[in-house]
1. Please identify the longest segment of chain C free of exposed trypsin sites (Lys or Arg not before Pro), where exposed means a DSSP state other than H, G, I, E or B and no more than 11 other Cβ atoms within 10 Å.
2. Check every DSSP H run in chain C and write down those whose alpha carbon atoms cover 27 angstrom or more along the long axis and whose mean Kyte-Doolittle hydropathy is 0.0 or greater.
3. Using a 10 Å cut-off around each Cβ of peptide B:121-129, what is the average number of partner chain Cβ atoms that fall inside?
4. For chain A, with a Gaussian network of springs between Cα atoms less than 10 Å apart, report the residue from A:Ile30, A:Ile130, A:Ile13 with the top mean-square fluctuation.
5. Determine the distance separating the Cα centre of region C:192-229 from the Cα centre of region B:138-198; give it in Å without decimals.
6. Extending each Cα 7 Å along its Cβ direction at B:Asn170 and B:Gln110, get the distance between those two points in nm, one decimal.
7. Projecting each Cα onto the charge dipole of the protein assembly as shown (Lys/Arg +1, Asp/Glu -1 at the beta carbon, about the Cα centre), which of B:Leu84, B:Ile218, A:Leu101 comes out farthest on the positive side?
8. Compute the distance in nm between two label points, each set 7 Å from the Cα along the Cα-to-Cβ direction, one at C:Arg196 and one at C:Met22.
Amino acid sequence: MADRFFLLTLWLIAGLVTLTFAWLLGDILIKGVPAISWEFLSQAPSRAGRQGGIWPILVSTVLILSVAICVALPLGLCSAIWLAEFTRRDGPLGRRIGLALDILAGVPSIVIGLFGYAFFSGFLGLGFSILSGGLTLACMMLPILVRTAESGLTAVPDEWRHAAAALGMRRGSVLWHVLLPAAAPAITAGLLLAVGRATAETAALIFTSGYVDRMPESLSDSGRALAVHIYDLSMNVTGGDQAAYGSALVLVTLIIVINLLANLLSLYWAKRKVTLA
Amino acid sequence: MTDSTGLQKGIESPYTLGQVEAGSPCCEPVAHLQIRDLTIAYHGLTVLSGVSLDVYRGCITALIGPSGCGKSSFLACLNRLTDLLPGAHTRGEVRLDGQNILAPGLDVKQLRQRIGMIFQKPNPFPLSIRRNLELPLLERGIRQRIEINRRIENVLRDVGLWDEVATRLNSPATRLSGGQQQRLCIARALILEPEILLMDEPCSALDPLSSAVVEDLILRLRGRYTVIIVTHNLAQARRIANYAAFFWVTEQSGKLIEFNRCQSLFEAPQNSLTEAYIAGTKG
Amino acid sequence: MHEVTVTRKKQRWPSDALMKVMLGLPALAAAALLLLIVVFLVYEAWPVMTGRSGISLLDFFRSDGWYPLQEQFGMLPMVWASIAAALGAMLLAVPMGLACALFSQYLAPAWIKGLFNSMISLLAGIPSVVFGLWGLTVLVPLIGQWQPPGASLLAAVLILAMMTLPTVALTSRAALAATTPSLYQGAAMLGMSRHRILLGVLVPAARRGILGGVLLAIARALGETMAVLMVAGNVVQTPASLFDPIRVLTANIALEMAYAVDQHRSSLFVSGLLLMAMVAILAWLANRMSRSMAHG
């Protein structure tokens, strides 16, 4: 009897969660679709965003993300390789760096935004700019990248490392030809995960990349990211709800596409990985 | 202690070596590797102590004994693979043509190109067959396409894989059967033209048919290469080895109990432990 | 044959030692980032922290409220608000997230399982502004009909619960999946009822991973800014009831940073440091837990 009750409760909770999610997504769809049109996607906002479109904002978003990836990926990959291949995982240095990265991963985004404001915009003098925003986002992406890349590399079985060592191959050569290709699916999935997180970011950007909703002329121009646009429309612009929902729909779609891509790539690579030549 | 030709001069043989019989199948014994007083410990725990023996050029030496008595560690030490294992410490001397390969300043990469290793579980890289064989060559600095192709064909013929894979060199190595993969690994080790081959139970992960093929291959390597093979299969040792070294665990670490020409060890063992192990009453 | 002929046209790869250094520098830089962040926050917060400008560290917790214009920077009401919102969200998200994990792992038929898991993963990726937008336009008016004003602690708790439930569900599911399969079978063969197996055997077996996930979720709830900012009303007061509007530490920074100067600005940095400290403790605990799990 108690058994039936318990199982029923589990089903109910799962159902409740599903309903809530459907409610949320449904609302976004219902309220967002009317706002979407070709003009919406290709024009600049007017009347503080109540009318017009989000084109410059999309451009800014892509630019900020690009800066973030260009900084975070090399840094993160090198760190991950060093942690996975050149240090003992339970040695003192490896442990401390691991802890530092874990803490960094948990730091609230607003605090990272504060840091970005004080350091990139202030100390380094970048002001409100896409560059500053991108660098701040890179700080947020770094722990995720390092963690996923490192676990991807350590998951590669030792037998290939031993075989390569027995053949007298240099570590760099083994990494390039065997280990990194084998870990590529995990690394790519991690990158896409980090990009998804960065795309959703708002708090870290309001004080670093700024609020300006014009088309940015260069990386040192201020630019507004999509998530920041949604925030502004819903909180500061009366009557901006319609445009906000439209932007929200675009943002959610973007993130869904990124996650889908990550999953597909993982599957595709898992099947193909055997034939890397 | 040894001159440049490697002939043993005046080193005390601390093991029981039977009368060396001249003639086939192996040569006049010329020491290729000389191991003296080798001790291996992991994280302070000794797994092998005080091992001394000579490995003769061109001959197949089998290391037999129950599991856990340090045979694989012994093998790993010979090409300095113990450097990769955490917490491993080695003491003693291993001389290859007079040079101590356990010395700290040694160029390990050069050493490993002279001493190749085959592992228990076949481990071809997750790449094509051709790539598996190319990588060691590229690492060595050999880049001319003609030379590479020539070596690949030679080595695949040597291991008897050429007819089976000549038409599909670009297909993934992991699609080969277990026995073929192991032969590919042997080919990969041979392509660098090493002098010595270390084999850690190369047939134990294979089915009987593939096992026989690989064993046959090992036999054919005799004379051209010096082979040291760890095996649990006593019958296999009898079939292919010229010399046999018997290891056992006493006083909590592995020790070399007896070393002899293979026939002598099996037919007239000097040590009672050896006799018991071979008869199957122990281990 | 024994003189190795090597045609070294060019060394394509640096030696192992060089590689170690080349890769080690970025790694150290990445770890040093945390240090850099702390250093800069402290640097900005310094004028206020040393008490030179007439405020001591204790004042942050002593004074009755956050009145920047009157140079009163009592953070306590906001600290309580943050904790209340996070704990309230956990009260909802942990049992429900665990239930979802159990459901997905042991109860759901195959076709439902795949869809359900995809849905949870999707939920985990939805940006906080979108949650905030929905909360602001749907949830707050709904609560407001029941008890005005609507923007309240309750709204914050509900939205945070929705946002952190996927974290708990995903990590719990991973922890459960990592338990040995024979555990379930062994218990079933003893004739145990399903709910006893799940609650009495499997959850305790996976408790380390589940706890790690909970810690992560708490950290996320404490650190969440935008969604809470949009639905909680932003009045600085210690919450006395679920329907009181509140302002959490994170929202405070977001709202006031743009125009804060001097002491006010430094005080905001102090609150940032406080947040970091809270999250660092949680992360350290989670780290200890996952390491002890790895060692058995």
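We did not get these values from a lab; they are worked out from the coordinates using the rules stated. The structure displayed is predicted, hence computed values, not measured ones. Reconstructed Cβ throughout: ideal geometry from the backbone, glycine too, with neighbour counts over all protein chains shown.
1. Answer - C:53-296.
2. Result, helices passing both filters: C:16-49, C:76-102, C:153-177, C:262-294.
3. 6
4. A:Ile13
5. 52
6. Reported label-point gap for B:Asn170 and B:Gln110 is 3.8 nm.
7. The residue sitting most towards the positive pole is B:Ile218.
8. 6.2
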